[in-house]
1. Report, by residue number, each residue of region 93-111 that is surrounded by fewer than 20 Cβ atoms within 10 Å (Cβ to Cβ) and free of Cβ contacts under 8 Å to residues at least 60 places away in the same chain.
2. Scan region 72-92 and tell me whether some residue there is of a type outside the set (Asp, Glu), out of contact with any helix residue (DSSP H, G or I) (no Cβ under 8 Å at 6 or more places or on another chain) and buried (at least 22 other Cβ atoms within 10 Å of the Cβ).
3. Scan region 138-188 residue by residue and report those that are farther than 18 Å from PRO415 by Cβ, in contact (Cβ under 8 Å) with a residue 24 or more places away in the chain and in a helix (DSSP H, G or I).
4. Is it the case that some residue within region 261-271 is crowded, with 22+ Cβ neighbours inside 10 Å and basic (Lys, Arg)?
5. When you go through PRO554, PRO504 one by one, which is the residue that is within 21 Å of SER455 (Cα to Cα), loosely packed, with under 15 Cβ neighbours inside 10 Å and either without any contact (Cβ under 8 Å) to a residue 12 or more places away in the chain or assigned by TED's automatic domain parsing to the domain that holds GLY443 (or both)?
6. Looking at ASP402, is it over 30 Å from TYR294 (Cβ atoms), assigned by TED's automatic domain parsing to the domain that holds ILE483, not basic (Lys, Arg) and not in a strand (DSSP E or B)?
7. Inside region 158-190, can you point out the residues that are within 20 Å of HIS291 (Cα to Cα) and touching a Gly at 6+ places or on another chain (Cβ under 7 Å)?
8. Can you tell me how many residues within region 1-32 are surrounded by 14 or more Cβ atoms within 10 Å (Cβ to Cβ) and within 12 Å of TRP99 (Cβ to Cβ)?
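The values are calculated or read from the model by the stated rules, or taken from the named source; none is laboratory data. From a predicted model like this one, the values you see are computed outputs, not experimental measurements. A quick note on method: Cβ atoms are made from the backbone with ideal geometry, for glycine too, and the neighbour counts reach across all protein chains shown.
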Amino acid sequence: MSQSIVVERDLRVAMRDGVQLATDIYRPDDDRPHPVLVHRTPYGKDDAWVVGGLMFNPFAAVERGYVVVVQDTRGRFKSEGDWIPFVVEGPDGYDTVEWAAVQPWSDGKVGIYGSSYNGITVLQAAVAAPPHLEACVAYMTGANCHDSWTYSGGAFELGFNLWWAVHQAWDQMGRLGLDASGIAEASEGLAQVMTDPWSVVGHLPLSDAPALRGGLAPYWAEWLEHPSYDEYWRELDAAARAAEISAPVLHISGWYDGFLRGHLDLNDALTRHPDERLRESHEFVIGPWDHMAYLGLRKTASGERDFGPIAASGPSVITDLSLDWFDRWLGEKREPLTGPRVRYFQMGENAWRQADHWPPPHTEQRLYLHSGGRANTRFGDGVLAGEPAAAEPPDSYIYDPDDPVPTLGGRSMAPSWSDAGVQDQAELETRTDVLVYTSAHLGAPLRIAGPVSLSLFASSNARDTDFTAKLVDVEPSGYCAPIAEGILRARYRNGREHEELLVPGEVVELNIDLLAVAHTFDTGHRLRLEVSSSNFPKYDRNPNSEVNPVRARPEDLRAAVQHVLHDAEHASYLSLPVVKEA
């Protein structure tokens, strides 16, 4: 192969509606056709870090024998059209793949890859199923644009979405035809997220976010108009539409990534794909990462925890992982997959494990909530035990949306307000609006790998409220490491498609999904469950009133009295997926 590489800049590729998308081509300097890899991004195809620093450098792929097509998505940077996240990535991805397949430097076989929003362009194109698409790689992204990107458990992902929308607004500002004073005013609003972030995130109503006024993010209001999972989101749900995917998918996520749910749902859906070839040809990798790990310099760490060199993320690992995948499906000889299709990182032991399916075989273990009454001690006095309580009074606390529990670590990506990943939770556990339930010291390691959930019997004097849950590993030193977390907006307790307000004082059973994790609690450690009603600004605050929280105004905020029950009739429990020793 030629050692020279040709780079063609700013080609205009027409979509089906005539909109022209700016596209760069990286290819070997020869006259031979090659397989093509497509990468579509809203973050600027001219940004070397975006294009070459998140997954793999296009030059590495060209040296491997590929042509790489890098494109500004619709309405971004040098591309024409209007920037409407999610909704056009399927058709535009389809058209770009099919355009690439018939170019003189193409052999007709096309793959597509991307991370974060770039990964959404991958999965939406995969659902659109262009005939020449042969393989996909999606890295730390959202398969379901409603759950785990825009909303979680019915609560709005405020911190991430505000931070993300503000960053996209800078390019949008240049498209609005503003005069000098308009640009200065818009810039001041955007900069406020950096200079005074708490005033921005605390503003109500959310539809009037100061940093996003004046047409900087018209989609923001649209998202808030669709808090339930309706047809708007169903059309964008790659997991729900996975049966339409016709190309093998390698997807990669992290235990502390805010988009984890989308990968879990996609994996479940691909496992049930009607086409056996697709069922047997997808692969899933889950590392110990938060979303910022591969974006930053500490690629083996999540928050305050470094998992060691075997846990590396970013291009040093993803380059070979991705290109090997494309070699398999776009090469001359397509190799069938052999061996386990799932590789996951067992935190606590800091070791990679393999399984034929996710989750691996496990046994449910229930730890029931007990209480000796709420004590104002550093760790509270609730207990997790293997048997349900017989007769105990409920635990109570007051949730005040004017003083919410602050986000600290976990599956978060809101760097203006909080660091993600492993952060010590001990200080949060001293709050009077955080109930704490702790197990006895472990006499042997406890390994879990799979879904974690909380069945919680609770009541409130409000018509709507939130309940949050965190699973924590309490180390002998007293360090409290978050392992898994979840939230449920009570009005969505019967499903994300339906709203049903609470009857004040009525006991309801709430099933809070903490998603999934693989973690080993070591000998001498204790398991801890935190129960509260806020995690701000990761999620928006529930005002505890009838108005949907995404439309709440300051006058809608009111304190709520929350009760958590654990007795013979209301046996609240934490469900853990216990696996045998590897």
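1. GLU98, VAL102
2. Yes, region 72-92 contains a residue that is of a type outside the set (Asp, Glu), out of contact with any helix residue (DSSP H, G or I) (no Cβ under 8 Å at 6 or more places or on another chain) and buried (at least 22 other Cβ atoms within 10 Å of the Cβ).
3. Result: ASP171, GLN172, MET173, GLY182, GLU185, ALA186.
4. For region 261-271, residues crowded, with 22+ Cβ neighbours inside 10 Å and basic (Lys, Arg): present.
5. PRO504
6. Yes: the conditions hold for ASP402.
7. PHE160
8. Final tally of qualifying residues: 7.
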